[in-house]
Amino acid sequence: MAKFKAKLKDPAGKSVSQTIEAESPAKAREIWRQKGFTVIEISAVKTGFNWQKISLVSVSTKDKALFSRQLATLVNAGVSMVRGLGVMTDQATNPKLKGALKEILADVEQGTNFSDALRKHPDIFDRLYVAMVQAGETGGVLDDVLNRLAKLLEDSARLENQIKSAMTYPAVVTFIAVAIFIGMCKFIIPVFDGIFKELGSELPAFTQFLVNVSNFLNSWMFWLIPIGIFALITGYQMFYATPFGRLVMDRIFLKLPLFGDLVIKTAVARFSRTFGSLSRAGVPILSALEITGETAGNVVIENALAAAREEVKEGGQITPAIERQKLFPPMAIQMLAIGEETGELDKMLMKIADFYENEVEEAIKALTSIMEPFMILFLGGLVGSILAGMYLPIFKIMDEIK
């Protein structure tokens, strides 16, 4: 038996609150009705630990895209929302998503709108998702909107994976190179150092430098390195968590060589895809601009879109308002202007998104191609420096023997 709390009106019209135990929300409503109460609002009383809330498992963009696509199919087939959510809850494999869907299903069974039920889980379903679902419910095209959401999330996931793949390669190569360097310095250099000391030969300057590095890595002072790295990462996270720190770092990201251009192109693609999807779903322009700004991923771009929104709010057009922020490329501005002039803004936004997603893909390929030889040189340089440091004394000893 679960506990349910409700706001009620008694037969005299007075508002009261009560809590009862019942098998389901429907059963609780029936009990109150039999007692003469009118149920205004009902909610389940949660007891014990909510393991879903503290779960370390996250809901990926791919999980949400799959959920949206499958629910759209069920809705399009004429399956009721309650039954469709029940099916989705039963087959959900992600524990966090499964727990959230159980709560959403319970809310919908109580008469709550699907979008309002989703709104209670902002860590899974953000404002963009909720706004589009709400627009779909209002317009009676929920299945169409869910399919658009699935496409939007799939495109977003593909873009994220491309960027992560580009960042993973240099990170892995750097980690391997540093690990090999540290391993050779800690375990191999000391062996050669002992041999050279027995021979009584003076070590070359570079070899002596490596021996000093080895001594440092084998002393307690080695732990200063991970402690320092941890302190730097923690300090950066704390600084970035502040409004000023995020503004400073996001501004730096936009001006980085090679990466800055990639950040801008990614932001344009995300803005176009999100704004276009919201417009097609029937979300008002001002709300769409606000939500798009919140999902921009960069506070500088978010501020620019907020300023553009204020200008549109006062009666201005979208294209000049965005152009004045001087962040988006001229081509994106021109395509946006054409879409606004022809009255097909949503279609043009989708074309802009397709174009700049391809641009991001090409930029990532180019960036990876540029980085590959440098990473190989870096890895070879670290390993080669160890080998050179070990063989230089041998060459010196051979010269002395001759």
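The values are calculated or read from the model by the stated rules, or taken from the named source; none is laboratory data. These figures come from a predicted structure and were not determined experimentally. Counting neighbours? That spans all protein chains shown, and the Cβs are built from the backbone with ideal geometry, glycine included.
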For the range 146-165, state whether one or more residues are over 18 Å from Gly297 (Cβ atoms), outside the structural domain of Ser385 (by TED's automatic domain parsing) and charged (D, E, K, R).
no
Tabulated pairs, the range 219-246, first surrounded by 10 or more Cβ atoms within 10 Å (Cβ to Cβ), second basic (Lys, Arg), C-beta under 6 angstrom, 6+ apart or interchain:
Tyr240/Arg246
Hey, does the range 23-32 have a residue that's surrounded by 13 or more Cβ atoms within 10 Å (Cβ to Cβ), at pLDDT 80 or above and not assigned by TED's automatic domain parsing to the domain that holds Arg158?
yes
What is the one condition in (1) without any contact (Cβ under 8 Å) to a residue 60 or more places away in the chain; (2) more than 19 Å from Thr61 (Cβ to Cβ); (3) in a helix (DSSP H, G or I) that Gly78 does not satisfy?
(3)
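Part of a loop (DSSP other than H, G, I, E, B), out of contact with any Asp or Glu (no Cβ under 8 Å at 6 or more places or on another chain) and outside the structural domain of Ala269 (by TED's automatic domain parsing): does that describe Gly84?
On the way: part of a loop (DSSP other than H, G, I, E, B): no; out of contact with any Asp or Glu (no Cβ under 8 Å at 6 or more places or on another chain): yes; outside the structural domain of Ala269 (by TED's automatic domain parsing): yes.
Taking the combined requirement at face value, the residue does not satisfy it.
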Output the residues belonging to the range 170-212 that are crowded, with 17+ Cβ neighbours inside 10 Å and assigned to a helix (DSSP H, G or I).
Val173, Ala177, Phe181, Met184, Cys185, Ile189, Phe192, Asp193, Phe196, Thr207, Leu210, Val211
I want to confirm something. Restricting to the range 91-147 and keeping residues that are closer than 29 Å to Ala6 by Cα and among the hydroxyl-bearing types (Ser, Thr, Tyr), which single residue is nearest to the chain's Cα centre (by Cα)?
Tyr129
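Do we have any residue at all in the range 268-284 that's loosely packed, with under 15 Cβ neighbours inside 10 Å, within 27 Å of Asp144 (Cα to Cα), of a type outside the set (Lys, Arg) and modelled with pLDDT of 80 or more?
We begin by selecting, within the range 268-284, every residue loosely packed, with under 15 Cβ neighbours inside 10 Å; these are 284.
Now drop any that are not within 27 Å of Asp144 (Cα to Cα), which leaves 284.
Imposing the further condition that a residue be of a type outside the set (Lys, Arg) reduces the set to 284.
If we keep only those that are modelled with pLDDT of 80 or more too, we end up with 284.
Yes: one or more hits.
Within the range 221-231, is even one residue part of a helix (DSSP H, G or I), farther than 30 Å from Asn298 by Cβ and not hydrophobic (A, V, I, L, M, F, W, C)?
The first filter runs over the range 221-231 and keeps only residues part of a helix (DSSP H, G or I), leaving 221-231.
Keeping just the survivors that are farther than 30 Å from Asn298 by Cβ gives 221-227.
This time we only want the ones that are not hydrophobic (A, V, I, L, M, F, W, C), so: 226.
Among the residues of the range 221-231, at least one is part of a helix (DSSP H, G or I), farther than 30 Å from Asn298 by Cβ and not hydrophobic (A, V, I, L, M, F, W, C), which makes the answer yes.
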Being in contact (Cβ under 8 Å) with a residue 60 or more places away in the chain and over 32 Å from the mean Cα position of the chain (by Cα): is that true of Pro170 here?
no
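The rows are residues; the columns are (1) modelled with pLDDT of 85 or more; (2) crowded, with 16+ Cβ neighbours inside 10 Å; (3) more than 22 Å from Glu160 (Cα to Cα).
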position	(1), (2), (3)
Phe67	yes, yes, no
Leu71	yes, yes, yes
Val75	yes, yes, yes
Gly78	yes, no, yes
Leu101	yes, yes, yes
Leu118	yes, yes, yes
Glu137	no, yes, yes
Leu142	no, yes, yes
